[in-house]
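Heads up: the structure comes next, in structure tokens.
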Amino acid sequence: MAAAAPPPPPAPVPEPSMTLVDTDSRNHPLFSRIRLATPADVPHIHKLIHQMAVFEKLTHLFSATESSLAATLFNSPPFTSFTVLLLEVSPSPFAPLHSPASSPSPYSPVDRIVYLDLPLDDPDRETFASDETHDVTVAGFVLFFPNYSTFLAKPGFYIEDIFVRECYRRKGFGRILLSAVAKQAVKMGYGRVEWIVLDWNVNAIKFYEEMGAKVLSEWRICRLTGDALDAYGNANI
């Protein structure tokens, strides 16, 4: 019987790759800042509200203009009436915002760094550029104003709108915006922060519940607007 053939020589062990795979999300920092909006921000606020109306499928109710926003949003000191906080992002650290000594800002900007797994592509970056010199982009906003709880005998804040542009969602920016309002409420000794959410927006509902908010399903919104409201102007009641 012929002798068995010798086993083949072992295959060479492949050399380990020296190419490093970028698995560290800290290689993609995105700097964010929450600051008070000013009248100069009205064009961006108007575009954000329109994008929100598109997302909520409510463009048929959207009639705000830049002029009407400018005429109504900034007539009172911040936190005493309508207040808008803007979310801005930048690939680089923000330059400090300085207020004149004679007129200090009532709100100190909140800076945060969010680390992303991959670089973020913003198709509307130029449209929402707020400081082209430093590559700063508006990514969202929150609009709120004081209300009052008779049960608590304390004022609170009502959030009319909170919105983050689509490419910046699910990255923690909504939490940063909401936390900024809640922190201001605590600072002022207010009793609560309230807002509404569309019943089909299950992602938002889950997010709010995870933050500790209670969704009060037993309450319904009642609203008089348009012709129904105008009818009371000349009503003899």
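Computed extension length for Asn203-Ala228: 5.7 nm, one decimal, from 0.36 nm per residue of separation with the Cα-Cα distance subtracted.
Protection proxy ranking of 87-98, 110-121, by the mean of other Cβ atoms within 10 Å over each peptide's residues and highest first, is 87-98, 110-121. Of the options (i) 1.08; (ii) 1.24; (iii) 1.20, only one is Rg/Rh (Cα atoms, Kirkwood Rh) as computed from these coordinates, and that is (iii). Highest mobility in the GNM of the chain, judged by mean-square fluctuation with C-alpha springs under 10 Å and restricted to Gly174, Gly212, Gly189, is found for Gly212.
Across region 171-213, the convex hull enclosing all Cα atoms gives 69 Å³ per residue.
Tally Lys and Arg at +1 and Asp and Glu at -1 over the other residues with C-beta under 15 Å from the C-beta of Pro146: what net charge comes out? Spelling it out: positives minus negatives among the neighbours equals +1. Reducing region 184-232 and region 62-78 to their Cα centroids gives an inter-centroid distance of 21 Å. Ignoring aspartates and glutamates fewer than eight residues from Lys187 along the same chain, the ones with Cα atoms less than 19 angstrom from its Cα are Asp111. Cα-based radius of gyration for region 70-169, normalised by 2.2 N^0.38 Å, reads 1.30.
For Ala71 and Val186, the FRET efficiency from 1/(1 + (r/R0)^6), where r spans their Cβ atoms and R0 equals 35 Å, is about 0.65. Here region 76-194 has 53 percent of its accessible surface on carbon and sulfur atoms, given a 1.4 Å probe and all protein chains in place.
Report summary: the helix-based calculation at 222 nm, which adds -39500 (n - 2.57) for every DSSP H run with n ≥ 4 and divides by the residues of the chain, gives -6000 deg cm²/dmol. Simple spin-label estimate for Leu58 and Asn236 gives 3.7 nm between the two label positions (7 Å along the Cα-to-Cβ direction from each Cα).
For region 181-237, the list of chymotrypsin sites (Phe, Trp or Tyr not before Pro) that fall in a loop by DSSP and count at most 12 other C-beta atoms within 10 angstrom reads Trp200, Trp219. Rolling a 1.4 angstrom probe over the protein heavy atoms with all chains in place gives the chain an accessible area of 69 Å² per residue. For region 120-196, trypsin sites (Lys or Arg not before Pro) are listed when DSSP marks them as loop and at most 11 other Cβ atoms sit within 10 Å of their Cβ; the list is Arg170. Here Lys57 is the anchor, and the lysines within straight C-alpha reach of less than 27 Å, apart from those fewer than 8 places off in the same chain, are Lys47, Lys171, Lys206, Lys214. Charging the Cβ of each Asp and Glu at -1 and of each Lys and Arg at +1, and nothing else, the dipole of region 96-220 about its Cα centre rounds to 720 debye.
Working from Cα pairs under 8 Å separated by at least six residues, relative contact order for region 127-237 is 18 percent. For a straight C-alpha distance cut-off of 15 angstrom, the aspartates and glutamates reachable from Lys154 (same-chain residues fewer than eight places away being disregarded) are Glu194.
For Val110 and Asp131, compute 0.36 nm times the residue count separating them, minus their Cα-Cα distance, and round to one decimal in nm.
Going from the current span to full extension adds 5.8 nm.
The values are calculated or read from the model by the stated rules, or taken from the named source; none is laboratory data. Bear in mind that the values here come from a model prediction, so they are computed numbers and not experimental data. Heads up, the Cβs are rebuilt from the backbone with ideal geometry, glycines too, and the neighbour counts pull from every protein chain shown. Surface areas here come from the heavy atoms of the whole protein model, side chains and all, with no ligands, DNA or RNA. Shrake-Rupley method; radii C 1.70, N 1.55, O 1.52, S 1.80 Å.
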